[in-house]
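Peer 1: Have a look at this one before I ask anything.
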Amino acid sequence: MRYITPRKAAIGMGSARTGTLHHWQMTVTSAALLILTPLFMIVVGGAIGLERAAVIAHFGRPFAGIVTALFIVVGMIHFIKGTRIMLDDYLHGTANRVAIIVSHIFGWGVIATALFALAKMAFTTPVI
């Protein structure tokens, strides 16, 4: 018995219609993180050992702020989608639904907190 129709095979959608899209999203975020991770490490490395005002000024600069924001957003979206796979494998029923909701709230909470902190640093950058 075949679970995929010829039409679904032609447009690249599986029996549940979301597997291919999810795979591509994970692939794209992985590729983006391959580029963003070294850049983020360079940005954070430049802030090590600085005083508080200098750190705020460092992350208030456009390059450091944008790289950090992209790293956090792409990384947490990758986290949210990756935990969905893990939770679907190991939890079932209500526990699965609750765990997925908690992982989404956690991921988007981290994104909101990080973007708020970066925006605050960018708009209150002290002059050094």
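Peer 1: Yes or no: the stretch 66-80 includes at least one residue that is surrounded by fewer than 18 Cβ atoms within 10 Å (Cβ to Cβ), without any contact (Cβ under 8 Å) to a residue 12 or more places away in the chain and closer than 22 Å to residue 39 by Cα.
Peer 2: Yes, the stretch 66-80 contains a residue that is surrounded by fewer than 18 Cβ atoms within 10 Å (Cβ to Cβ), without any contact (Cβ under 8 Å) to a residue 12 or more places away in the chain and closer than 22 Å to residue 39 by Cα.
Peer 1: Shifting gears a bit: In the stretch 83-128, which residues are closer than 30 Å to residue 58 by Cβ, surrounded by 13 or more Cβ atoms within 10 Å (Cβ to Cβ) and not aliphatic (A, V, I, L, M)?
Peer 2: 106, 107, 108, 120, 125
Peer 1: What residue, among those in the stretch 36-64 that are touching a residue at least 12 places away in the same chain (Cβ under 8 Å) and touching a His at 6+ places or on another chain (Cβ under 9 Å), is surrounded by the most Cβ atoms within 10 Å (Cβ to Cβ)?
Peer 2: Per the criteria, the residue is 64.
Peer 1: Mind listing whichever residues of the stretch 4-19 are closer than 17 Å to residue 85 by Cβ and either at pLDDT 95 or above or open to solvent by 60 Å² or more (accessible area, probe 1.4 Å) (or both)?
Peer 2: Kept after step one, since they are closer than 17 Å to residue 85 by Cβ, are these residues of the stretch 4-19: 14-19.
Correct list: 15, 16, 17, 18.
Peer 1: Separate question: Please indicate, with yes or no, whether at least one residue in the stretch 90-109 is out of contact with any Cys (no Cβ under 7 Å at 6 or more places or on another chain), without any contact (Cβ under 8 Å) to a residue 24 or more places away in the chain, hydroxyl-bearing (Ser, Thr, Tyr) and over 22 Å from residue 75 (Cα atoms).
Peer 2: There is at least one residue in the stretch 90-109 that is out of contact with any Cys (no Cβ under 7 Å at 6 or more places or on another chain), without any contact (Cβ under 8 Å) to a residue 24 or more places away in the chain, hydroxyl-bearing (Ser, Thr, Tyr) and over 22 Å from residue 75 (Cα atoms).
The values are calculated or read from the model by the stated rules, or taken from the named source; none is laboratory data. What you see is a predicted model, and the numbers here were worked out from it, not measured in a lab. Here Cβ is always computed from backbone atoms with ideal geometry, including for glycine, and neighbour counts include all displayed protein chains. Side chains included, ligands, DNA and RNA excluded: accessible areas come from the protein's heavy atoms. Shrake-Rupley method; radii C 1.70, N 1.55, O 1.52, S 1.80 Å.
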